[in-house]
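Working notes, beginning with the structure itself.
The values are calculated or read from the model by the stated rules, or taken from the named source; none is laboratory data. If you're wondering where the values come from, they're calculated on a predicted model, not measured in any experiment. Because the Cβ atoms are built from the backbone with ideal geometry, glycine has one as well, and the counts that use them run over all protein chains shown. Remember, those area values only see protein heavy atoms, side chains included, never the ligands or the DNA or RNA. Shrake-Rupley method; radii C 1.70, N 1.55, O 1.52, S 1.80 Å.
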2 protein chains.
Amino acid sequence: MPRTDALRPFHRPHLPKPPMTAHASRTAELAAFAAGLRLKDIPPAVLRRTEDLLVDWFGSAVAGHRARPVASIARFALAMGPATGPGEVIARRASTSPHAAAMINAAASHVAEQDDVHNGSVFHPATVVFPPALAVAQAIGASGQELLLACVAGYEVGIRVGEFLGRTHYKVFHTTGTAGTLAAAAAVGRLLRLDAAQMRDALGSAGTQSAGLWEFLRTAADSKQLHTAHAAGAGLMAAYLAKDGFTGAADILQGPQGMAAGMTQDARPESLTDGLGSRWATAETSFKYHACCRHTHPAADALLQVMQQQQLQAQDLARVVAHVHQGAIDVLGPVLQPATVHQSKFSMGTVLALVAQYGQAGLGEFDAHFLSAATQALRDKVEMALDAEVDSAYPRRWIGKVTVHTRDGRVLNGRVDEPKGDPGNSLSRAEISAKALRLADHGGVSSAAMQRALESLWQLAQWPVVGRLLALEPQA
Amino acid sequence: MPRTDALRPFHRPHLPKPPMTAHASRTAELAAFAAGLRLKDIPPAVLRRTEDLLVDWFGSAVAGHRARPVASIARFALAMGPATGPGEVIARRASTSPHAAAMINAAASHVAEQDDVHNGSVFHPATVVFPPALAVAQAIGASGQELLLACVAGYEVGIRVGEFLGRTHYKVFHTTGTAGTLAAAAAVGRLLRLDAAQMRDALGSAGTQSAGLWEFLRTAADSKQLHTAHAAGAGLMAAYLAKDGFTGAADILQGPQGMAAGMTQDARPESLTDGLGSRWATAETSFKYHACCRHTHPAADALLQVMQQQQLQAQDLARVVAHVHQGAIDVLGPVLQPATVHQSKFSMGTVLALVAQYGQAGLGEFDAHFLSAATQALRDKVEMALDAEVDSAYPRRWIGKVTVHTRDGRVLNGRVDEPKGDPGNSLSRAEISAKALRLADHGGVSSAAMQRALESLWQLAQWPVVGRLLALEPQA
């Protein structure tokens, strides 16, 4: 599997813009772009990156399928949906309607906290784009290339809507739920070959169902997976309805009683359309390498760099200072003695302790070692310090800096300019496959079955018809 | 069928309040009320009024089932749901899962514009409460009394949430869609016998899916029925998930990242809990008598009063002045020569012309006569004038006042203090049945079938198990 090259910045300024009148809204322009997108418009490297994102997403879907909140959503959707159908319920011996399958898979792929993220929009595209697109592709017999094309449309729309909704929106709303509804509609709409007007209807029907509030975080409730399930289901429905002639608001994004009017105070209209067809937001999406809060990743990578360059072992560390942005201190600062696996993913000390011992902080390392004596001892040697350079670069760039004091008295500095998984420091296909295999193990799926699925999935662009992604072994 | 008496005000101050700690939220208190509500807590007249509301809703569901947007939603839900199931799809030869049936029936009952309204919350409870409650009652074999009890829980929660969200919410959001999601969850949650904590989870999962924007009005798009379908489906799902242990935000209404934080600027917290168990918001709900914009109803009733008292015929009218509040002028003022049936429902002249000719402005009168020569001639004799008394009483009271100039030179004044259908001027059961029969005719359902259904439905409280409401004749 060849390593894909870094893709940012990615400009094709010669691409013709879709025709529009002077009075057309940005919503209409974005809809026309999504409806009119062709494979030949998309740079091959962006399509290859979309394959990477899809394989990476697949690992998360497999990993999360047994989690309690996901199992609840699956029980509901399978009870309310048909007992069989074209939509694969990933890693379960079940299939159902595209609508029910999309909801279940969207819930499953947002629970291991290993799915992708677009930094600028603070939006997780994979979990709301791939599940509905896959389910509909399986239902209508679309080709692998058609599926990839539709997913690019979903990513481009969703990321732009997320950027448009801005920071005041994100303070209260879970952008992956809200913008995700439109992302799902765009992807499914492209698969259903909506024309520009129908796609605008689909965005209208999606946006008027757009929802998801952060309030659940306060008591660690289960809503996060409900948000992605809802976005996938409502977006898919919006696209099917549009295909059937059901109309939606003409300007759900910027209209005086639309999303911006009701759900944000700092909308950024230019984000919706600037660079359409030349800037590929899809390729700006980051992979998550470590299985923990993104705010810990830059320091983790900087520590790994020092340890590898200096051939240090965990026992060599006397003290580690992570030089961070203020946001990291705000989120991670209170977590000094984590009591649960989930909490430990927000502990800078735990993350650096796992990285120092195992070279990575994956699901397995957290589950097995987050509270071991060795991890706790290392954890308490870690501190955070606000760094002016790191802070001023954030959130555009997530710089990682650490100072390591060794037992033998050395003081060593590590630095990464982009954390592992960001577009300029992306994962190779071998790394993506390895991550997916680890995720499958976490989800209780055998290496052999996952290996076969991955080998096939890397060839998606050659599939004449999208079939089942994962074939489980017969039950014992 | 006995006439039900006016129910407002309705106080039972001796009812014990549910136990709560000093730190419990109003959300928790409202949830505990809905979960703990018992038949014996509810005054018999409120239960009888709930039967009235249910029968009235049933007429609207039958009337709307063939409308184009409803047919689209039905095609989607039936394609994605199971081919059979316990949930009745009203007036169709179909049944499916409770989830799919709830969505279809909720869409159907909000299209004829004849479903009920709660003035203070500007919320239409029936269309989002009865469809999910009926579908779940049919699925679990609940009794008629259990269904009524659950619907009271849904009304009480939904109306209070609508009042809580306030006027700035209503400016952008369609409260029937947003508050409706919680209303549906409360009704279904009561049927599923959620405990207080589970009911709070259900409200959390409902509120985080709450959606619906007015933007669709600008281009007369189809979203209105999507909003009720969404509220019914998402609310039902929230309740089932809660029963399965899926948690929701503890304070979705007032929490710092909850609905009030994200979706309104003038939340009224006291509305959520004041008078719980003593004030019955259910019984404050108004029936719609005329099939047109509510702003026309007070003047229409005042005109009817004058004509009946003075035994006038339509041809006796030379000039009619409707004395109205400013809101009526804002909404109806621009509509002088309506071109479509829908537009004519916002024409004061057309409404008064139909009332003068036919004694009512129902669906049939609009369809057949909205643009007849006689209607147009009468229409142009009507004018509106701002009235200080009417305007200052609004929206608490909707006073109707007209001045009628007759061809023989008399000047007559008419006045109603509450329009027909408001709690103080309610419909008799005979009038509700007659309205439902007219609605059935509009929906293409035979009088005989509807008559049988109504006779049975008025006995709902005696049903040991809720079965199918409408039995259609065999197809020819």
Quiz prompt | Count of residues meeting criterion [hydroxyl-bearing (Ser, Thr, Tyr) and either closer than 20 Å to A:Asp330 by Cα or free of Cβ contacts under 8 Å to residues at least 40 places away in the same chain (or both)] in the range A:268-299 | solution = 1
Practice problem: Kindly indicate whether A:Gln357 is open to solvent by 10 Å² or more (accessible area, probe 1.4 Å), outside any loop (DSSP other than H, G, I, E, B), more than 14 Å from chain B (Cβ to nearest Cβ) and without any contact (Cβ under 8 Å) to a residue 40 or more places away in the chain. | Solution: no
Quiz prompt | Subset of the range A:55-73 (residues that are surrounded by 24 or more Cβ atoms within 10 Å (Cβ to Cβ), more than 10 Å from chain B (Cβ to nearest Cβ) and not β-branched (Val, Ile, Thr)) | solution = A:Asp56, A:Trp57, A:Phe58, A:Gly59, A:Ser60, A:Ala61, A:Ala63, A:Gly64, A:His65
Self-check item: Matching residues, the range A:168-200, being under 13 Å from A:Phe33 (Cβ atoms), open to solvent by 10 Å² or more (accessible area, probe 1.4 Å) and more than 14 Å from chain B (Cβ to nearest Cβ)
Solution: A:Arg190, A:Asp195, A:Ala196
Quiz item: Of all residues in the range A:384-429 being over 22 Å from A:Leu53 (Cβ atoms) and of a type in the set (Ser, Thr, Tyr), which is modelled with the lowest pLDDT?
Solution: A:Tyr394
Exercise. Spot the failing condition for B:Gly204; the list is (1) closer than 21 Å to A:Gln257 by Cβ; (2) surrounded by 24 or more Cβ atoms within 10 Å (Cβ to Cβ); (3) at the interface with chain A (Cβ under 7 Å from one of its Cβ atoms), and only one is missed.
Key: (1)
Quiz item: Which of the following residues is touching a residue at least 12 places away in the same chain (Cβ under 8 Å), more than 21 Å from A:Ala74 (Cβ to Cβ) and either in contact with a Lys or Arg (Cβ under 8 Å, 6 or more places away or on another chain) or not assigned by TED's automatic domain parsing to the domain that holds A:Asn105 (or both): A:Gln265, A:Gln254?
Solution: A:Gln254
Quiz item: Within the range B:333-354, how many residues are outside any helix (DSSP H, G or I), open to solvent by 50 Å² or more (accessible area, probe 1.4 Å) and not aromatic (Phe, Trp, Tyr)?
Solution: 5
Practice problem: At least 3 residues that are in contact with a strand residue (DSSP E or B) (Cβ under 9 Å, 6 or more places away or on another chain) and farther than 26 Å from B:Ala74 by Cβ in each: list the helices (runs of 4 or more DSSP H) lying fully within the range B:96-185 that qualify. | Solution: B:144-172
Practice problem: Determine if the range B:116-124 includes at least one residue that is within 14 Å of chain A (Cβ to nearest Cβ) and of a type in the set (Val, Ile, Thr). | Solution: no
Self-check item: Hits in the range B:233-247 (condition: within 17 Å of B:Ala153 (Cα to Cα) and more than 27 Å from the chain's Cα centre (by Cα))
Solution: B:Lys243
Quiz item: Which residues, counting only those in the range B:266-313, are among the small types (Gly, Ala, Ser), over 19 Å from B:Arg49 (Cα atoms) and in contact with a Gly (Cβ under 6 Å, 6 or more places away or on another chain)?
Solution: B:Ala267, B:Ala291, B:Ala299, B:Ala302
Quiz item: Just a yes or no: is a residue in the range B:256-272 closer than 23 Å to A:His169 by Cβ, in a helix (DSSP H, G or I), among the β-branched types (Val, Ile, Thr) and more than 8 Å from chain A (Cβ to nearest Cβ)?
Solution: no
Quiz item: Among the residues of the range B:36-50, is there at least one that is crowded, with 24+ Cβ neighbours inside 10 Å and in a helix (DSSP H, G or I)?
Solution: yes
Quiz prompt | Cβ pairs under 7 Å, 6+ apart, first in the range B:300-319 and polar (S, T, N, Q), second open to solvent by 10 Å² or more (accessible area, probe 1.4 Å) | solution = B:Gln305/B:Val416; B:Gln310/B:Leu412
Quiz item: Inside the range B:207-223, can you point out the residues that are touching a helix residue (DSSP H, G or I) at 6+ places or on another chain (Cβ under 7 Å) and surrounded by fewer than 24 Cβ atoms within 10 Å (Cβ to Cβ)?
Solution: B:Ala221
Practice problem: Please work out if A:Pro86 is within 20 Å of B:Arg75 (Cα to Cα) and either surrounded by fewer than 23 Cβ atoms within 10 Å (Cβ to Cβ) or within 13 Å of chain B (Cβ to nearest Cβ) (or both). | Solution: yes
Practice problem: Kindly indicate which of A:Leu78, A:Leu165, A:Leu147 is more than 16 Å from A:His227 (Cβ to Cβ), open to solvent by less than 10 Å² (accessible area, probe 1.4 Å) and in contact (Cβ under 8 Å) with a residue 24 or more places away in the chain. | Solution: A:Leu147
Practice problem: Only one of these is at pLDDT below 95, in contact with an Asp or Glu (Cβ under 9 Å, 6 or more places away or on another chain) and facing another protein chain (nearest Cβ under 7 Å): B:Thr219, B:Thr247. Name it. | Solution: B:Thr219
Practice problem: Could you please give the count of residues in the range A:25-46 that are in contact (Cβ under 8 Å) with a residue 40 or more places away in the chain, out of contact with any Gly (no Cβ under 8 Å at 6 or more places or on another chain) and either of a type in the set (Phe, Trp, Tyr) or over 26 Å from A:Lys243 (Cα atoms) (or both)? | Solution: 3
Self-check item: Residue list for the range A:235-244, restricted to those being within 7 Å of chain B (Cβ to nearest Cβ) and open to solvent by less than 10 Å² (accessible area, probe 1.4 Å)
Solution: A:Met237, A:Leu241
Quiz prompt | Matching residues, the range B:136-169, being of a type outside the set (A, V, I, L, M), in contact with a helix residue (DSSP H, G or I) (Cβ under 7 Å, 6 or more places away or on another chain) and over 17 Å from B:Leu457 (Cβ atoms) | solution = B:Gly154, B:Tyr155, B:Glu156, B:Gly158, B:Arg160, B:Gly162, B:Glu163, B:Phe164, B:His169
Practice problem: Filter the range A:89-99 down to the residues that are within 25 Å of B:Ser95 (Cβ to Cβ) and more than 10 Å from chain B (Cβ to nearest Cβ), then identify the one that is least open to solvent (accessible area, probe 1.4 Å). | Solution: A:Val89
Quiz item: Which members of the range A:424-433 meet the condition of being open to solvent by less than 40 Å² (accessible area, probe 1.4 Å) and farther than 20 Å from A:Pro395 by Cα?
Solution: A:Leu427, A:Ser428, A:Arg429, A:Ile432, A:Ser433
Quiz item: What is the one condition in (1) out of contact with any Lys or Arg (no Cβ under 6 Å at 6 or more places or on another chain); (2) surrounded by 19 or more Cβ atoms within 10 Å (Cβ to Cβ) that B:Ser446 does not satisfy?
Solution: (2)
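Considering only the range B:361-423, give the strands (runs of 3 or more DSSP E) lying wholly within it that have at least 3 residues that are open to solvent by 40 Å² or more (accessible area, probe 1.4 Å) and touching a helix residue (DSSP H, G or I) at 6+ places or on another chain (Cβ under 9 Å).
Filter on the range B:361-423 gives B:382-386.
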